Amino acid sequence: MKNEFVVKQFTIARNRLLSALENVTEEVAGQKPEGFNNNIHWHAGHILLVTEAFLFTVPTGSGKLQKNYNEFFANGTKPDDWKSAPPSLQEIIDQLKDQEKRAKESAAARLDETLSSPFSLQSGLRMETVGELMNMAIYHEAVHTGYINAMKRIVNKQATSS
């Protein structure tokens, strides 16, 4: 696997995410457009949580996020069910930037490393190396960045037509 290429893809995906989140207010991030289960805030936190799992928790057994991030941003969660205030969007953005730095410093050097046990998704996709996890993280991030961009357009259109 060409490690530099994978790291470059990760950087592109992360830069697009951070660009999409630029100038998004907490108010806009907290709005849930009609037809969606989640909001921009949830998608940003979800990307952070899943990428942390793929690049750090699964391969090394240790991640840097607080455990309560799971109750806010894990698969199947949604803002309507939050019982307390989640980390702020700005806090998530800061952690996304830190995570990118950590990924480039440590995970990127381990892309060819075989996991102690394979990691499987509900879809049946089985990943056996850190590089495969990083590729999945890139794909996952791009999907959710697409949701963020769509939600921004809807929320902004609703605000201008009100």
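General remarks:
- So I92, is it open to solvent by 80 Å² or more (accessible area, probe 1.4 Å), within 19 Å of G146 (Cα to Cα), without any contact (Cβ under 8 Å) to a residue 60 or more places away in the chain and part of a helix (DSSP H, G or I): no
Each row is one residue, and each column tells you yes or no for (1) under 14 Å from the mean Cα position of the chain (by Cα); (2) open to solvent by less than 40 Å² (accessible area, probe 1.4 Å); (3) among the aliphatic types (A, V, I, L, M).
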| residue | (1), (2), (3) |
| --- | --- |
| R16 | yes, no, no |
| E27 | no, no, no |
| H43 | yes, yes, no |
| L48 | yes, yes, yes |
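- Within segment 44-67, the set of residues being small (G, A, S) and part of a helix (DSSP H, G or I) comprises A44, G45, A53.
- Flag for G63 being surrounded by 13 or more Cβ atoms within 10 Å (Cβ to Cβ), within 15 Å of the chain's Cα centre (by Cα) and at pLDDT below 95: yes
- Candidate set: segment 108-162, residues that are free of Cβ contacts under 8 Å to residues at least 40 places away in the same chain, in a helix (DSSP H, G or I) and charged (D, E, K, R); chosen: the one most open to solvent (accessible area, probe 1.4 Å): R153
- Condition check for E34: open to solvent by 20 Å² or more (accessible area, probe 1.4 Å), assigned to a loop (DSSP other than H, G, I, E, B) and within 17 Å of A150 (Cα to Cα): yes
- Of all residues in segment 73-89, those satisfying the criterion of being exposed (fewer than 12 other Cβ atoms within 10 Å of the Cβ), of a type outside the set (S, T, N, Q) and part of a loop (DSSP other than H, G, I, E, B) are G76, K83, A85.
Let's see how each residue does on (1) under 20 Å from V6 (Cα atoms); (2) among the aromatic types (F, W, Y):
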position	(1), (2)
L89	no, no
I93	no, no
A107	yes, no
D112	yes, no
S116	no, no
F119	yes, yes
G124	no, no
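The values are calculated or read from the model by the stated rules, or taken from the named source; none is laboratory data. If you're wondering where the values come from, they're calculated on a predicted model, not measured in any experiment. In this analysis, Cβ positions are derived from the backbone assuming ideal geometry, glycine residues included, and neighbour counts consider all displayed protein chains. All accessible areas refer to the heavy atoms of the entire protein, side chains included, with ligands and DNA or RNA removed. Shrake-Rupley method; radii C 1.70, N 1.55, O 1.52, S 1.80 Å.
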